[in-house]
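Beneath this line is the structure, given in structure tokens, with notes to follow.
Taken together, the values in this text are just the output of simple stated rules run on the coordinates, not laboratory data. Predicted model only: the values in this text are computed from it and were never measured. Cβ coordinates were reconstructed from backbone atoms using ideal geometry, including for glycine residues, and neighbour counts include every protein chain displayed.
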Amino acid sequence: MRELDYEKLVDDIQDWIITYVKSAKAEYVVVGLSGGIDSAVSATLCAKALGSESVLGLGLPCGSISQDFEDAKLVANFLDIDFEIFDITPIYEKILEISKAIPREEILALANLKPRLRMAMLYFVGQTKGKCLIVGTSNRTELAIGYFTKFGDGAADFEPLASLYKQEVRKVAEILKIPRRVITKAPSAGLWEGQTDEGEIGLSYDIIDEILYRIDNNLDFKGFNERDISKVRKMMSAAEHKLSMPPFFDVRRTE
């Protein structure tokens with residue numbers, strides 16, 4: 001992996017946040033706090049860049065694991081930012097009720113409904129409070145392999161961590177002194193009980209990071225399992241549509 005000056009990196013990201021938010025003439029930012037490391041680091045960078053008073057954290061439980069919710073509150077208290085809670089479980093259950101004719105065998109479709117509802121709430125709450133921007137919390141690893149929900153956690157106004165691999169986010173978290181239990185917990189989207197990112201993907205983030213780094217920089221794969229390399233490449237290919245604006249028919253082509 002690349003060697004970075006993490007102290008300087010933190011300063012550079014914060015300067016970028018300040019510049020971007022000012023360019024949008026926004027008054028503050030809104031971030032969904034999941035209790036995980038990525039949202040914690042994103043919120044902390046914003047709070048340090050803009051001031052705690054300019055960051056609103058939202059807790060959006062939806063049948064969530066109680067520990068995740070407690071960790072989200074821990075981060076909000078750590079940053080001394082406003083933290084509002086909206087339990088969207090009734091909304092989720094109502095959608096399932098009115099769509100009861102749709103088969104329930106596809107657990108991923110049900111799970112992805114949760115981040116889409118959360119993003120809708122983030123924009124709704126943000127828009128009711130003035131001119132604001134929604135903070136994205138995805139890292140380079142998740143974006144590259146498509147480990148996010150399209151128009152869910154993949155929808156945001158800016159992404160502070162999008163060029164950092166997962167293990168680099170961990171190092172930034174150490175620099176920022178994020179609460180230890182948030183840094184060390186197993187990464188999870190909290191989509192269902194017992195779900196973990198690495199368990200669902202089938203590879204550890206450290207292995208994915210190393211393979212991605214080599215793909216990104218045209219380096220050799222000496223010492224890596226060919227099946228792991230192929231798996232990462234296939235995930236990247238399948239994720240391409242998530243990283244692009246929707247294609248559209250251009251009438252000018254017919255002129």
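Computed values, structure above
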{"read-out": "Approximate spin-label separation residue 16-residue 222, in nm, with each point projected 7 Å along Cα-to-Cβ", "value": "3.1 nm"}
{"read-out": "Charge context of residue 11, other residues only, Cβ under 14 angstrom, K/R +1, D/E -1", "value": "-2"}
{"read-out": "Kyte-Doolittle mean at least 0.0 and Cα axial length at least 15 Å: DSSP H helices in the chain", "value": "37-50, 107-128, 205-216"}
{"read-out": "The range 59-110 versus the range 3-41: alpha-carbon centroid distance in Å", "value": "24 Å"}
{"read-out": "Cut-off 13 Å between beta-carbons: net charge of the residues surrounding residue 108, Lys and Arg +1, Asp and Glu -1", "value": "+1"}
{"read-out": "Residue order, fewest to most surrounding Cβ atoms within 10 angstrom, among 119, 236, 1", "value": "1, 236, 119"}
{"read-out": "Cβ-defined net charge surrounding residue 137, 10 Å radius [Lys, Arg +1; Asp, Glu -1]", "value": "-4"}
{"read-out": "Relative contact order (%) - criterion: Cα under 8 Å, at least six apart; region: the chain", "value": "20 percent"}
{"read-out": "Cα extents of the range 35-126 along the three principal axes, largest first (Å)", "value": "48, 25, 17"}
{"read-out": "GNM top mover of 218, 139, 77 - the chain, alpha-carbon springs below 10 Å", "value": "218"}
{"read-out": "Choice from 12, 220, 71 showing the highest fluctuation, given a GNM over the chain with Cα pairs closer than 10 Å", "value": "220"}
{"read-out": "Net charge dipole size for the range 145-243 [Lys, Arg +1 and Asp, Glu -1 on Cβ; Debye, nearest 20]", "value": "180 debye"}
{"read-out": "Percent of Cα-Cα distances greater than 32 Å, calculated over the chain", "value": "24 percent"}
{"read-out": "The range 6-185 - charge dipole about Cα centre, Lys and Arg +1 at Cβ, Asp and Glu -1, debye rounded to 20", "value": "180 debye"}
